[in-house]
């Protein structure tokens, strides 16, 4: 029995208007379920690569909502390495303030991290003198320190105690 045009036969067989029929992928006929599973496997592989190879870890930052004054959270991905460096990156990122325009920063814009030391479950954080002032956008200094403390403890449960210093002088211990 003579066969027609082979290319035309291929395209006729690979055309898929019925969702229940297998889908053609470069000449292979795969069910939709398998294509879906392959896509999901690719996404999982991407997440695993991001976590293990690139060393990114998701951290939660806490700020106050402008309208309601309630605590809001933001998730950001930070590079993960040693405990002290992870905490340092977190503090530096938190000092930058919220990414959302509807949230208030915890510290004034000029606040910088002077030094950070992590020893035996205790973190010593030394901030510049601007940290003693309330942010221009609003907020109370003590309340902001407590919220910042909560954010650090939430992300790093192995920390037993935080000690804050402003320009080298003891300011607050939590």
In contact with a strand residue (DSSP E or B) (Cβ under 6 Å, 6 or more places away or on another chain) and either at pLDDT 90 or above or surrounded by 15 or more Cβ atoms within 10 Å (Cβ to Cβ) (or both), is that true of residue 170?
-> no
All-but-one check, residue 137 against (1) closer than 23 Å to residue 173 by Cβ; (2) surrounded by 13 or more Cβ atoms within 10 Å (Cβ to Cβ); (3) modelled with pLDDT under 90, failing number (1)
Across segment 29-56, the tally of residues that are at pLDDT below 85 and closer than 28 Å to residue 78 by Cβ stands at 11
The one condition residue 139 fails out of (1) in contact (Cβ under 8 Å) with a residue 60 or more places away in the chain; (2) within 22 Å of the chain's Cα centre (by Cα); (3) in a loop (DSSP other than H, G, I, E, B) is (2)
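Quick check: anything in segment 12-20 farther than 25 Å from residue 142 by Cβ, at pLDDT 80 or above and in contact with a strand residue (DSSP E or B) (Cβ under 8 Å, 6 or more places away or on another chain)? Full working, then the answer.
In the first step, residues of segment 12-20 are kept if they are farther than 25 Å from residue 142 by Cβ; the result is 12-20.
Add one more test, that the residue is at pLDDT 80 or above, and what stays is none.
Checked segment 12-20: no residue is farther than 25 Å from residue 142 by Cβ, at pLDDT 80 or above and in contact with a strand residue (DSSP E or B) (Cβ under 8 Å, 6 or more places away or on another chain).
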In the set 109, 119, the lone residue that is under 29 Å from residue 167 (Cβ atoms) and at pLDDT below 90 is 109
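Hey, can you tell me all the residues within segment 142-166 that are assigned to a loop (DSSP other than H, G, I, E, B) and either at pLDDT below 90 or more than 16 Å from residue 92 (Cα to Cα) (or both)?
Our first condition is that a residue be assigned to a loop (DSSP other than H, G, I, E, B); within segment 142-166, this holds for 156-160.
Scanning segment 142-166 gives 157, 158, 159, 160.
The values are calculated or read from the model by the stated rules, or taken from the named source; none is laboratory data. Computed from a prediction, not measured in an experiment: that's the story for all the values here. Note that we place each Cβ from the backbone using ideal geometry, even for glycine, and neighbour counts take in every protein chain shown.
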